[in-house]
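Everything below concerns the one structure shown next.
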Amino acid sequence: MIQRIQSLWFLLSAVSGFAMTQIPLFSARLANNAQRQLLATESLLLFALVMALTLLALACLFLFKKRSLQFKLAVFGVLGSIGAIALEVYFIEQFKEANAIISGAYQWGGLFPILMILFFFMGARGVYKDEKLVKSLDRLR
């Protein structure tokens, strides 16, 4: 049901999760003057978490008839995205320690968990507003 705004937020969250696996998280120049880009697919735990969050966003998209469950899953999506940020930073720090890096910089892929938090939050807010509206209409009957 794409007519509701939270469906768009959940769809954008799923797209962000998929894009995170395709776009580099970190780019580094190593001591031997080689360039290395770090992807989320190089860490099994980070990749599994991001794919689980992507599937969670898609599940929220199709659970429009069960608003309370949709809201709870969206809150878990926010918490999972915070965990993805922590895991991403840990993974990059481990990469920095394991390799002789001259210089490095975060890339656009590192921003996608932050976008996922925003999109899950906006989706949860839309679900909450819908639930509040339905409860107020039930009271009027």
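The values are calculated or read from the model by the stated rules, or taken from the named source; none is laboratory data. This structure is a prediction, so every number in the text was calculated from the model and none was measured. Here Cβ is always computed from backbone atoms with ideal geometry, including for glycine, and neighbour counts include all displayed protein chains. Just the protein is used for accessible areas: all its heavy atoms, side chains included, with ligands, DNA and RNA removed. Shrake-Rupley method; radii C 1.70, N 1.55, O 1.52, S 1.80 Å.
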Next on the checklist: What are the pairs with Cβ atoms under 9 angstrom where one residue, in the stretch 84-102, is in contact (Cβ under 8 Å) with a residue 12 or more places away in the chain and closer than 13 Å to Arg29 by Cα and the other, located anywhere, is part of a helix (DSSP H, G or I) and open to solvent by less than 60 Å² (accessible area, probe 1.4 Å)? Sequence gap at least six, or different chains.
Outcome noted: Ile101/Phe95
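In the stretch 17-38, how many are in contact with a Pro (Cβ under 8 Å, 6 or more places away or on another chain) and either among the small types (Gly, Ala, Ser) or within 18 Å of Ser81 (Cβ to Cβ) (or both)?
Filtering the stretch 17-38 down to residues in contact with a Pro (Cβ under 8 Å, 6 or more places away or on another chain) leaves 20, 37-38.
Applying the additional criterion that residues be either among the small types (Gly, Ala, Ser) or within 18 Å of Ser81 (Cβ to Cβ) (or both) yields 20.
Counting residues in the stretch 17-38 that are in contact with a Pro (Cβ under 8 Å, 6 or more places away or on another chain) and either among the small types (Gly, Ala, Ser) or within 18 Å of Ser81 (Cβ to Cβ) (or both) gives 1.
Kindly check whether there is at least one residue in the stretch 57-65 that is part of a helix (DSSP H, G or I), touching an Asp or Glu at 6+ places or on another chain (Cβ under 6 Å) and surrounded by 15 or more Cβ atoms within 10 Å (Cβ to Cβ).
no
Can you say whether Lys132 is surrounded by 13 or more Cβ atoms within 10 Å (Cβ to Cβ) and over 13 Å from Gly17 (Cα atoms), as far as the supplied structure shows? Steps first, please.
On the way: surrounded by 13 or more Cβ atoms within 10 Å (Cβ to Cβ): no; over 13 Å from Gly17 (Cα atoms): yes.
The answer is no for Lys132.
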Checklist entry - Inside the stretch 1-56, can you point out the residues that are of a type outside the set (A, V, I, L, M, F, W, C) and open to solvent by 60 Å² or more (accessible area, probe 1.4 Å)? => result Gln3, Gln22, Arg29, Asn32, Asn33, Gln35, Arg36, Gln37, Thr41, Glu42
Checklist entry - For the stretch 94-116, what are the residues that are in a helix (DSSP H, G or I) and open to solvent by 40 Å² or more (accessible area, probe 1.4 Å)? => result Gln94, Lys96, Glu97, Ala98, Trp108, Leu111, Ile114, Leu115
Checklist outcome for this item: Of the residues in the stretch 66-84 that are open to solvent by 50 Å² or more (accessible area, probe 1.4 Å) and modelled with pLDDT of 90 or more, the one that is farthest from Val134 (Cα to Cα) is Ile82
